[in-house]
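Visitor: Have a look at this one before I ask anything.
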Ligand SMILES: [Zn+2]
């Protein structure tokens, strides 16, 4: 520590902290940073070791980012790396924690991305477009009749939290896929196309009223068409 009153007062407080211990991991982090600032890295590391041993009772604990001890582990690992020390058990624990955190983060992002696409809209091909698809691009909905397609759309809509229908057009989809550089035949092109259409306000909210025209464009009442009991 620095000489002088402030320095010795701080040193005294650290000595007390070391004797009595603290329930706040930041006390140890702060002490370590203070020693790093006066270029005493070994002393800084000693504080992190004391803190880690207090807050991380074993190498098998299931720590999450933000849990007490995780910041100590992080500071300790950084300092040890700076000092050229090889990984020890606590460093490995931190690596696992970080890996775990990254994996969870990726999963959450993936679910959100999926949710957003799912929530935004379901793509529906009207009869003429669907017939053209079955002629020109039979691999998109192999062996599916338009009735089955309509049923699948109704079924998917029923599972959505905020359902909406986007009516597909082959030309628009092909243009869209080209603008995004995705092959138009991929499922993701169709999903993204529907999501983008919904973002641009081109989706129709579902369900229609029971006596309103059906979402599929048949001109029948919803309750007599895709909303009829037993349809799905
Ligand atoms: Zn219908």
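Visitor: May I have the extent of the alpha carbons of segment 121-224 along their three principal axes, as whole Å values ordered from largest to smallest?
Guide: That gives 41, 29, 21 Å along the principal axes, largest extent first.
Visitor: Then there is this: Treating the angle as unsigned and between 0 and 90°, give the value, to the nearest 10°, between the Cα long axis of helix 127-136 and the longest Cα principal axis of the chain.
Guide: The two axes meet at around 80 degrees.
Visitor: Let me ask something else. Figure the gain on full extension for residue 107 and residue 43 (residue separation times 0.36 nm, minus the Cα-Cα span) and round it to one decimal in nm.
Guide: Going from the current span to full extension adds 19.1 nm.
Visitor: What translational D, rounded to a whole number of µm²/s, comes out for segment 5-109 from Stokes-Einstein when the hydrodynamic radius is the Kirkwood one over Cα pairs, at 10 °C and 1.306 mPa s?
Guide: The estimated diffusion coefficient comes to 109 µm²/s.
Visitor: For Cα pairs less than 8 Å apart in space and 6+ apart in sequence, what is the mean separation divided by the residue count of segment 28-186, i.e. the relative contact order in percent?
Guide: Relative contact order of segment 28-186: 17 percent.
Visitor: Given a Förster radius of 41 Å and the C-beta distance between residue 11 and residue 96 as r, what FRET efficiency does 1/(1 + (r/R0)^6) yield to the nearest 0.05?
Guide: Once the sixth-power term is evaluated, E becomes 0.70.
Visitor: Compute the Cα gyration tensor for segment 129-177, then decide on rounded, prolate or oblate, letting a ≥ b ≥ c be the square roots of its eigenvalues: rounded whenever a/c is under 1.5, prolate when a/b is larger than b/c in the other cases, and oblate in all that remain.
Guide: oblate
Visitor: If one takes the longest principal axis of the Cα atoms in the chain, at what angle in degrees, from 0 to 90 and to the nearest 10, does the Cα axis of helix 146-158 lie?
Guide: 40
Visitor: Report the extension gain between residue 64 and residue 182 in nm, rounded to one decimal, defined as 0.36 nm multiplied by the number of residues separating them, less their alpha carbon distance.
Guide: Full extension of this stretch gives 38.7 nm more.
Visitor: Enter the angle in degrees (range 0 to 90, nearest 10) between the Cα long axis of helix 25-37 and the first principal axis of the Cα atoms of the chain, meaning the one along which they spread out most.
Guide: 60
Visitor: If we sort 44-57, 64-77 on the protection proxy, mean other Cβ atoms within 10 Å, highest first, what's the order?
Guide: So the order, starting with the most tightly packed, is 44-57, 64-77.
Visitor: Could you pull the Rg and Dmax for the chain, using just the Cα atoms, both in Å?
Guide: Here Rg and the maximum Cα pair distance are 30.6, 90 Å.
Each value in this text was obtained by applying a stated rule to the coordinates, not by laboratory testing. Just so it is clear, the model here is predicted, and its values are computed rather than measured. So basically every Cβ, Gly included, is an ideal-geometry build from the backbone, and we count neighbours across all protein chains shown.
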